[in-house]
């Protein structure tokens, strides 16, 4: 389990425009060794970003630690270039079938938002199509040799496909934690059909946090802050309102500021008064219920997620430490398929 203090130090080290060497050295002391710090950076998916930030700089660290960061960044770059080539092939096939498709999440931001795609690890290719094209797009992927992973929940607005160990997630909506609205999804897709704008990228990021109960790696909180610096808030807030993601947006930024110590124009949200307490315990049922209530409060449509959130009695502990968290439903499916 990663302690809250270690996660915050790792985040603070990368929260500014340049690496905070003092915070990184303090994180190493909190972790006990450079090796363990390297493991945490990989778990939080920040190791390639740190490697990029440290390029050409002398750094008081173990040589194996720095060499490991650079090696991982090279691996991430090579893997991402291969995934981009696969994405372009799928995009051409879908276009030939008359189906517009957008890259979302990693396959989009790695190439559009980061200084180099080597900074942003990803595990699959995420494609978004209009709701009315979802079934046809799935047929195209099957013709290209992909097989859908069975067992998807009928209300889940995406399907995972696999081909020789390669994974493609086909979505018709970025929001799974809330009841997807096909009319809203179709309208938003049409507005971004020529390419995702930064406002839509931020919406996808917020929905992704919701889908994973806000317990994603630190990279995802860093990414939300990075995108926040690029959006037009007068354009973003109507989009978030349409998707029922106003509170969730503020909640994501409250957590991001808690870890990275950075401000944002998204406004303050006092929900961290509930979260930022010491000695979280999953065995404390009362505290667990409070954590579930915090999750519900972060949604604009609380009833939609009440049953889910009440199952997560150790949710608060997981969000701050990423400890003892169960594997996601989609990840379990992918492992079984492999």
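Please tell me if residue 49 is part of a helix (DSSP H, G or I), within 28 Å of residue 319 (Cβ to Cβ), in contact (Cβ under 8 Å) with a residue 60 or more places away in the chain and under 21 Å from the mean Cα position of the chain (by Cα). Judged against the criteria, residue 49 is a match. Of the residues screened, residue 87 is one that is in contact with a strand residue (DSSP E or B) (Cβ under 7 Å, 6 or more places away or on another chain) and either part of a helix (DSSP H, G or I) or at pLDDT below 95 (or both).
Filtering 7, 35, 28 for residues that are touching a residue at least 24 places away in the same chain (Cβ under 8 Å), part of a helix (DSSP H, G or I), surrounded by fewer than 18 Cβ atoms within 10 Å (Cβ to Cβ) and on the phi < 0 side of the Ramachandran plot leaves a single hit, 35. Inspection of the stretch 163-185 finds no residue satisfying the criterion of being closer than 25 Å to residue 44 by Cα and in a helix (DSSP H, G or I). If you filter the stretch 243-252 down to residues that are surrounded by fewer than 24 Cβ atoms within 10 Å (Cβ to Cβ) and more than 21 Å from residue 189 (Cα to Cα), you find that the one that is farthest from the chain's Cα centre (by Cα) is 247.
Scanning the stretch 198-213 for residues that are under 13 Å from the mean Cα position of the chain (by Cα) and either crowded, with 23+ Cβ neighbours inside 10 Å or part of a helix (DSSP H, G or I) (or both) yields a total of 11.
If the requirement is being in contact with a strand residue (DSSP E or B) (Cβ under 8 Å, 6 or more places away or on another chain), in contact (Cβ under 8 Å) with a residue 24 or more places away in the chain and either assigned to a helix (DSSP H, G or I) or at positive phi (or both), which of these qualifies: 145, 138, 151? Even if it seems obvious, please write down each step before you answer.
Numbers: 145 fails: in contact (Cβ under 8 Å) with a residue 24 or more places away in the chain; 151 fails: in contact with a strand residue (DSSP E or B) (Cβ under 8 Å, 6 or more places away or on another chain).
After applying the criteria, what remains is 138.
Number of residues in the stretch 216-238 that are crowded, with 22+ Cβ neighbours inside 10 Å and over 19 Å from residue 114 (Cβ atoms): the value is 1.
Only residues that are under 17 Å from the mean Cα position of the chain (by Cα) and either under 19 Å from residue 83 (Cα atoms) or in contact (Cβ under 8 Å) with a residue 60 or more places away in the chain (or both) were counted across the stretch 159-197, and they come to 11.
The values are calculated or read from the model by the stated rules, or taken from the named source; none is laboratory data. Quick caveat: nothing in here was measured; it's all calculated off a predicted structure. With ideal geometry, Cβ positions are generated from the backbone for all residues, glycine too; neighbour counts draw on all protein chains shown.
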